[in-house]
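Colleague: Pasting a structure below so you can have a look.
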Amino acid sequence: MIAVRKPAELEKMRKANKVVGDALRMIEQYVRPGVTTMELNAILEEFIVAAGAKPSFKNYHGFPAASCMSIDEVVVHGIPSLRVLKEGEILSVDVGAIVEGYHGDAARTFPVGKISAEKQRLIDVTRESFFEGIKEVRAGRRLGDLSHAIQAYVEAHGYSVVREMTGHGIGRNMHEDPSIPNYGAAGSGPLLKAGYCLAIEPMVNMGKYHIEIDSLDGWTCRARDGQPSAHYENTVIVTDGDAEILTL
């Protein structure tokens with residue numbers, strides 16, 4: 001069942017997502033060669049707590065950190081570590097926060113120093129695919145209209161959309177109905193209603209869409225062919241007009 005949020009709930013969603021958006025804008029200045037992902041995670045956690053929020057990823061189903069740090073071929077759910085960032089890599093940072101019992105969630109992919117034109121194009125296309133999709137998000141449209149718009153944009157640029165990992169509804173829980181694939185048929189899926197809260201997150205691979213989950217840590221999701229992957233996410237509110245993007 002997809003929840004329609006009341007105005008008082010939406011205000012709490014706005015607060016939680018402002019913390020997340022602010023955290024991602026803040027951390028960008030620290031993403032550079034020589035920094036460890038564990039250091040970045042610590043900065044983010046301190047920022048979220050100082051803002052009066054709680055990191056929603058930490059201890060979620062046993063996840064050990066306040067953020068996901070995914071480098072190059074890691075699609076999502078990379079665990080922060082003592083791994084040092086290197087010039088030319090790309091880093092996806094995914095963050096969640098809870099305020100007054102409601103969740104915020106967003107992700108960005110950042111360059112580490114100077115990166116190749118190919119990697120920059122991957123980041124750009126992934127981000128723009130979100131904005132292509134968001135054009136379809138309004139009451140009365142179908143969820144598949146969003147999914148199809150993202151897939152069409154990504155594939156027109158020669159990249160592939162990850163199948164197994166999806167966006168999701170969000171509110172009192174970090175993951176709620178509906179599941180939001182980044183691929184699908186226009187005109188399919190649930191009818192969107194004003195008051196739905198959605199975390200829309202294209203995950204785009206430079207190569208094939210196939211992924212694999214690390215058998216040791218059970219979290220790290222990688223592109224099976226080892227080629228780079230980018231991730232871009234915002235939490236939005238469905239309205240009768242243009243969607244309200246909460247994490248920008």
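The values are calculated or read from the model by the stated rules, or taken from the named source; none is laboratory data. Keep in mind that what you see is a predicted model, and the values were worked out from it rather than measured. Using ideal geometry, Cβ is built from the backbone for each residue, glycine included, and neighbour counts are taken over all protein chains shown. Surface areas here come from the heavy atoms of the whole protein model, side chains and all, with no ligands, DNA or RNA. Shrake-Rupley method; radii C 1.70, N 1.55, O 1.52, S 1.80 Å.
Colleague: Within segment 176-189, is there a residue that is open to solvent by less than 50 Å² (accessible area, probe 1.4 Å) and either over 21 Å from GLY144 (Cβ atoms) or touching a residue at least 60 places away in the same chain (Cβ under 8 Å) (or both)?
Modeller: Taking every residue of segment 176-189 in turn, at least one turns out to be open to solvent by less than 50 Å² (accessible area, probe 1.4 Å) and either over 21 Å from GLY144 (Cβ atoms) or touching a residue at least 60 places away in the same chain (Cβ under 8 Å) (or both).
Colleague: Just wondering, is there one or more residues in segment 45-56 that are at pLDDT below 95 and more than 17 Å from the chain's Cα centre (by Cα)?
Modeller: To start, the set of residues in segment 45-56 that are at pLDDT below 95 comprises none.
Among the residues of segment 45-56, not one is at pLDDT below 95 and more than 17 Å from the chain's Cα centre (by Cα), which makes the answer no.
Colleague: What's the total number of residues in segment 197-247 that are in contact with a strand residue (DSSP E or B) (Cβ under 7 Å, 6 or more places away or on another chain), part of a loop (DSSP other than H, G, I, E, B) and among the small types (Gly, Ala, Ser)?
Modeller: Final tally of qualifying residues: 2.
Colleague: Could you list, in sequence order, the residues of segment 1-36 that are assigned to a helix (DSSP H, G or I), in contact (Cβ under 8 Å) with a residue 12 or more places away in the chain and open to solvent by 50 Å² or more (accessible area, probe 1.4 Å)? Outline the logic, then answer.
Modeller: Restricting attention to segment 1-36, the residues satisfying the condition of being assigned to a helix (DSSP H, G or I) are 7-30.
Filter once more, keeping what is in contact (Cβ under 8 Å) with a residue 12 or more places away in the chain: 9-10, 12-24, 26-28, 30.
The answer is LYS12, ARG14, LYS15, LYS18, GLU28, TYR30.
Colleague: Which residues, taken from segment 78-87, are open to solvent by 20 Å² or more (accessible area, probe 1.4 Å) and either in a loop (DSSP other than H, G, I, E, B) or under 26 Å from VAL19 (Cα atoms) (or both)? Give the steps one after another, and end with the answer.
Modeller: Pass one, segment 78-87, residues open to solvent by 20 Å² or more (accessible area, probe 1.4 Å): 79, 81-84, 86-87.
ILE79, SER81, LEU82, ARG83, LYS86, GLU87 - these are the residues of segment 78-87 that are open to solvent by 20 Å² or more (accessible area, probe 1.4 Å) and either in a loop (DSSP other than H, G, I, E, B) or under 26 Å from VAL19 (Cα atoms) (or both).
Colleague: Here's something else I'd like to know. Looking only at segment 37-48, decide whether some residue is hydroxyl-bearing (Ser, Thr, Tyr) and free of Cβ contacts under 8 Å to residues at least 24 places away in the same chain. Reasoning before the result, please.
Modeller: Step one: filter segment 37-48 for residues hydroxyl-bearing (Ser, Thr, Tyr), giving 37.
Adding the requirement that they be free of Cβ contacts under 8 Å to residues at least 24 places away in the same chain leaves none.
The answer is no, given that none of the residues of segment 37-48 is hydroxyl-bearing (Ser, Thr, Tyr) and free of Cβ contacts under 8 Å to residues at least 24 places away in the same chain.
Colleague: I'm told GLU46 meets every condition in (1) surrounded by fewer than 17 Cβ atoms within 10 Å (Cβ to Cβ); (2) closer than 23 Å to ARG121 by Cα; (3) of a type outside the set (Val, Ile, Thr) except one. Can you identify the failing condition by its number?
Modeller: Status for GLU46: all satisfied but (2).
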